[in-house]
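Notes for the one structure printed next.
Read-outs: derived from the displayed coordinates by stated rules, not from any lab. The structure displayed is predicted, hence computed values, not measured ones. Virtual Cβ from ideal backbone geometry, glycine too; neighbours counted across all protein chains shown.
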Amino acid sequence: MSADQVSAGTMRAVVQDGFGGTELLRVARVPRPVPLPTEVLVRVHAAGVNPVDWKTRAGSGMADLIGEPPFTLGWDVSGVVEEVGFGVTVLKPGDEVYGMPRFPHAANAYAEYVTAPARQFARKPATLDHAHAAAVPLAALTAWQAVNDAAHVTAGQRVLITAAAGGVGHFAVQFARILGAHVIAVASAGRHGWLKELGAEEVIDYTTTRFEEAVTGVDVVLELVGDDHDDSSTRALKVLRPDGLLVAVPAGVSPELAAAAEAAGVRVTPFLVEPDGAALTTIAGLIDEGEVVVEVERTFPLERVAEAHAHGETGRVRGKLALTVTD
């Protein structure tokens, strides 16, 4: 077999042989996947980088679902359909698509090719390049499903969003604004002007002000920080009106948080995003209509994935990070 034939059956992918630090991330050649019936093979042009990626790399996040080492991280992709499996009717080779396939199970998105069920993808926003499109699915679907499906936000409600300048947060601000809510964004002072442009009507600088001392009577809190960081979720219960709702995104609802919510006369719910090609189609429409903007602070080539993780773990990213995989 020639070198070209060997190369044709393999691809570059980021592989790690165990859980731990960024030094475990390495680029290697691995077998290229083959689409099963109802699946598509997508040539990945860019892959989004999310907090769940580096948490899983270190052994938390979705580590229990990612499989035994060696494994490949990543869920956000934007690329082009290369091949379709039997039964696929919604996509064809050559379609530009984006998606968050297979989450929370392994999708192997840090690679040149991925396979997944066709209906977990959608046609990517026409106004975005692949790097910006790859930054959308996990963060935007989290925000969309939390705001729409979990909280059922309606016009006139007061919605407080913690970590509002991050990936999920900056989408949540925009979706809540589109739904007619009064948005209160919690972020550092340097992000306030930008968040107001996105639709926040009030902003709170968490570095100088305890948000629970600055606001009350909130209908919904989208809590994106968690109690591991300064008891953020428990403190957020104090801003809710009676029977208000806290959506706890990053760490779920501990027994202690549930008990505190019950004692305070408010509601709390855990949340986990799921693949949703139909919602991605709606989100793409909002982006192409100019209703939603996508913030990508930096992109990194696939070979610099460790640098991307290290930068993300600083907790100071405005919007999203992305890996460029294919030119």
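With the Cα gyration tensor of the chain giving a ≥ b ≥ c as the square roots of its eigenvalues, does the rule (a/c under 1.5 for rounded; else a/b larger than b/c for prolate; else oblate) give rounded, prolate or oblate? Judged from the Cα gyration tensor, the chain comes out prolate (a/c at least 1.5, a/b above b/c).
So how strong a dipole does the chain carry about its Cα centre when Lys and Arg Cβ are +1 and Asp and Glu Cβ are -1, to the nearest 20 debye?
Here the chain has a charge dipole of around 260 debye.
Efficiency by 1/(1 + (r/R0)^6): what FRET value for Ala259 and Arg298, r their Cβ-Cβ distance, R0 = 41 Å, to the nearest 0.05?
0.50
The residues packed around Ser188, meaning those with a beta-carbon under 13 Å from its beta-carbon, carry a net charge of +2 if Lys and Arg are +1 and Asp and Glu are -1.
Considering only DSSP beta bridges whose two residues both sit in the chain, what percent are antiparallel, to the nearest 5?
Looking only at bridges with both residues in the chain, the antiparallel portion is about 55 percent.
Peptides 160-171, 238-249, 71-82 ordered by packing proxy, namely the average of other Cβ atoms within 10 Å per residue, highest first: 160-171, 71-82, 238-249.
Computed from the C-beta positions of Lys196 and Asp64 and an R0 of 30 Å, the FRET efficiency is 0.15 to the nearest 0.05. Peptide packing for 278-287, 125-134 was compared via the average number of neighbouring C-beta atoms within 10 Å per residue; ordered from the highest value, the list is 125-134, 278-287.
The stretch between Asp243 and Thr269, if pulled fully straight at 0.36 nm per residue, gains 8.1 nm over its current Cα-Cα span.
Among 217-224, 301-308, 86-93, sorting by the average number of other beta carbon atoms lying within 10 angstrom of each residue, highest first, gives 217-224, 301-308, 86-93. Within the listed set Ala258, Ala185, Ala135, the Gaussian network model of the chain (springs between alpha-carbon atoms below 10 Å) gives the highest mean-square fluctuation for Ala258. Let me make sure I get this right: for the range 1-108, a, b and c are the square roots of the gyration tensor eigenvalues over alpha carbons, sorted descending. Under 1.5 in a/c it's rounded, otherwise prolate if a/b > b/c, else oblate. Which is it? Here the range 1-108 falls in the oblate category. Computed extension gain for Ala28 through Ala126, at 0.36 nm per residue and net of the alpha carbon distance, reaches 32.1 nm. Once the chain from Thr208 to Glu289 is taken as fully extended at 0.36 nm per residue, the excess over their C-alpha distance is 25.5 nm.
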